[in-house]
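Below is one structure, written out as structure tokens; comments come after it.
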Amino acid sequence: MRCFNRRLPCGLLACGLTLAALLAPPARAMAAPGTGYDVKVLVITAFDPEAKPWVERKRITRTFPIAGIANPVRCTDDGVCILTAKMGKANAAVSVSALLADPPFDLSRTIFLTAGLAGGPPQVGTIGSVAWAHYILDFDLFHHLVLDREGSNHDPLVERQVEPVGSELFTLNKPLVDLAYAVTKETKLSDSERAKAYRAHYPDQAGRVPGVLQCDTVAGDLYWHGRRLSAFVSELMKRQTKGAGTYCTTEMEDSATADALARFGYLDRYLNLRVIGNLDQPYSGQPVRDSLRQIYRPVATENLFRVGDAFVTYVLAHREEVLAKTQIR
């Protein structure tokens, strides 16, 4: 049907219906309940170091190649799958959308869990701390302004875009987030002498040890670093959540993952788990480039897996209770 033929235009209603059919998100249950391979938890990682503990410690028995995703989805017999989406918001959005658009398995009752590395401010967490987020804020969907050098204030400013796009901020299912925290908060976490020595440089880190937290994440393709930017992001989180959110992790994928899940009707099934692998600013007197290199991946990935797997294990044993308690449709 040619909707814009100048001599013979079609009816606007017919055009609208055609476009709506093309643009409407697919139905939520992408595979009929009770058919195919039943995915209980889909773990979403960005790159191999995040996926490695899951792949090595879970008994992978099947793989599912999916068009549009670089790596096949790897799964166990008991319903746990690992997606490696690649780094950055574009990769996350494309990979998650590709999976949801044509899944080779049953997602009708799946819980989606991001498990990934992040940076974090020393005022809130520490290296090796793992955080369940209530809010996911997109760092990039704002006008970021730096005043002219001739001005009196050189701090970065932010303004909402003239036309909001609807994916600036995501609020996750509170009963599900609270349950995940409750069943994992006592998880025994690892630490390292190297991480302890590095913490000692920060006054805010005195007495800090890795723990399980509830605080919020900021996603941005711009890999930023520094005290002023950290304070700016913390204030941005407070402003956009009307004081309810607390910034504690920064990463490069999760607003895109949340957006893809929301468009397919799965946002209420989504959990966001991030571990602090590096502090987002140097200590006093430390060159910023040296601070950027201080990444504590072994302790971070270990703790990320311990907390994530504690929740996955709970879901496998109490699936019906989890779905009922957390108001998942």
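A few comments on the model shown:
- Residue 242 being assigned to a loop (DSSP other than H, G, I, E, B), at pLDDT 95 or above, basic (Lys, Arg) and open to solvent by 50 Å² or more (accessible area, probe 1.4 Å): yes
- Annotation: residue 281 fulfils all but one of (1) open to solvent by 20 Å² or more (accessible area, probe 1.4 Å); (2) in a loop (DSSP other than H, G, I, E, B); the unmet one is (1).
- One residue alone among 182, 195 is in contact (Cβ under 8 Å) with a residue 60 or more places away in the chain and assigned to a helix (DSSP H, G or I), and that residue is 195.
- Count of the range 96-117 residues which are open to solvent by less than 10 Å² (accessible area, probe 1.4 Å) and either more than 22 Å from residue 275 (Cα to Cα) or out of contact with any Gly (no Cβ under 6 Å at 6 or more places or on another chain) (or both): 12
- If you go through the range 302-328 and keep only what is crowded, with 22+ Cβ neighbours inside 10 Å and either farther than 15 Å from residue 271 by Cα or of a type in the set (D, E, K, R) (or both), you end up with just 303.
- Only a single criterion out of (1) at pLDDT 95 or above; (2) part of a helix (DSSP H, G or I) is not satisfied by residue 231, namely (1).
- Test: residue in the range 135-151 that is at pLDDT 95 or above, open to solvent by 10 Å² or more (accessible area, probe 1.4 Å) and not in a strand (DSSP E or B): no
The values are calculated or read from the model by the stated rules, or taken from the named source; none is laboratory data. Please read all numbers here as calculations on a predicted model, not as lab measurements. For neighbour counting, all protein chains shown are included, and Cβ atoms are generated from backbone atoms with ideal geometry for every residue, glycine included. Just the protein is used for accessible areas: all its heavy atoms, side chains included, with ligands, DNA and RNA removed. Shrake-Rupley method; radii C 1.70, N 1.55, O 1.52, S 1.80 Å.
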